[in-house]
Every structure is written in C-alpha cells, then in structure tokens.
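All remarks here apply to the structure that follows.
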C-alpha cells in the first residue's frame, strides 16, 4: 500500500511526497537530458550528501530552518578536518537547490528555501601554492 501511494504521488507530482520519492521524479525528468558523467556526479552527491538528511521529509516540510540546520551539519563535518572544501560545499548546496527549483518550476512547490537561506561555501577555490623540487628540498 505504501508503495502504491508513493507511485501515485510521483505520477501526480504531489509536493506532499517525500524528498526521496521526488528525487525519483527528478531523475525521470532530467536523467536523459544530461550527459552520463554529469548525471552520475549529481546522483552521487544526492545519494551521499543530501538524501541522508532529507530522505523522509516531504517537500513541503523543508523550510529555511531545515536548510540552515543541514548547512551547519555540513560545516561541522568540515570543521573536523575530515570534511569538504568550501567549493564542494557550494556544489552540494547547488544540487539540493536545483532539485527544489525543479519542484517549484514544474510541480508547484511554493518556494525554494535554499534561495531564502542562501548558499554556503565559495564559488571559486583559493589559489593553490605548489612547491618546486627546490622548495621541497629546502624544507
């Protein structure tokens, strides 16, 4: 019965469906429009960085405070020195925002809370300092 309800919500584009169910709608709508590698990258980020947090929330339950809490969780991982670069954090945020924008544009989600909260991370990476062989040997 739960599977049937999920299927019917996906077909209807009901914004009360779970984020996990909507991600299948998103996949159905976009996968064939993107290059394979682009889709694989997007899917990996969704599966590993976004889905664990939003999986069971319905689209209309995702609020500004939910996004801020998720940002803080991502930033705390970064602060533990095992985390993500600032440019990767921005990429992760952009993937979630893209999914919610799709829900707004095509499935009548009222607004995208990612827009209201703003992004995290940085658009461009800082300059990398590389050592020459001489620099390395001097140290």
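The values are calculated or read from the model by the stated rules, or taken from the named source; none is laboratory data. Bear in mind that the values here come from a model prediction, so they are computed numbers and not experimental data. Counting neighbours? That spans all protein chains shown, and the Cβs are built from the backbone with ideal geometry, glycine included.
Yes/no matrix, rows are residues, columns are (1) crowded, with 17+ Cβ neighbours inside 10 Å; (2) within 16 Å of the chain's Cα centre (by Cα); (3) modelled with pLDDT of 90 or more; (4) part of a loop (DSSP other than H, G, I, E, B):
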{"residue": "70", "(1), (2), (3), (4)": "yes, yes, yes, no"}
{"residue": "110", "(1), (2), (3), (4)": "no, no, yes, yes"}
{"residue": "114", "(1), (2), (3), (4)": "yes, yes, yes, no"}
{"residue": "122", "(1), (2), (3), (4)": "no, yes, no, yes"}
{"residue": "125", "(1), (2), (3), (4)": "no, no, no, yes"}
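What do you reckon, is residue 93 surrounded by 14 or more Cβ atoms within 10 Å (Cβ to Cβ), under 14 Å from the mean Cα position of the chain (by Cα), in contact (Cβ under 8 Å) with a residue 40 or more places away in the chain and assigned to a helix (DSSP H, G or I)?
On the way: surrounded by 14 or more Cβ atoms within 10 Å (Cβ to Cβ): yes; under 14 Å from the mean Cα position of the chain (by Cα): yes; in contact (Cβ under 8 Å) with a residue 40 or more places away in the chain: no; assigned to a helix (DSSP H, G or I): yes.
No; evaluated as a whole, the condition is false for this residue.
For segment 23-56, which residues satisfy the criterion of being surrounded by 15 or more Cβ atoms within 10 Å (Cβ to Cβ), over 11 Å from the mean Cα position of the chain (by Cα) and touching a residue at least 12 places away in the same chain (Cβ under 8 Å)?
25, 26, 27, 30
Which of (1) under 26 Å from residue 16 (Cβ atoms); (2) surrounded by 12 or more Cβ atoms within 10 Å (Cβ to Cβ) does residue 83 not meet, given it meets every other one?
(1)
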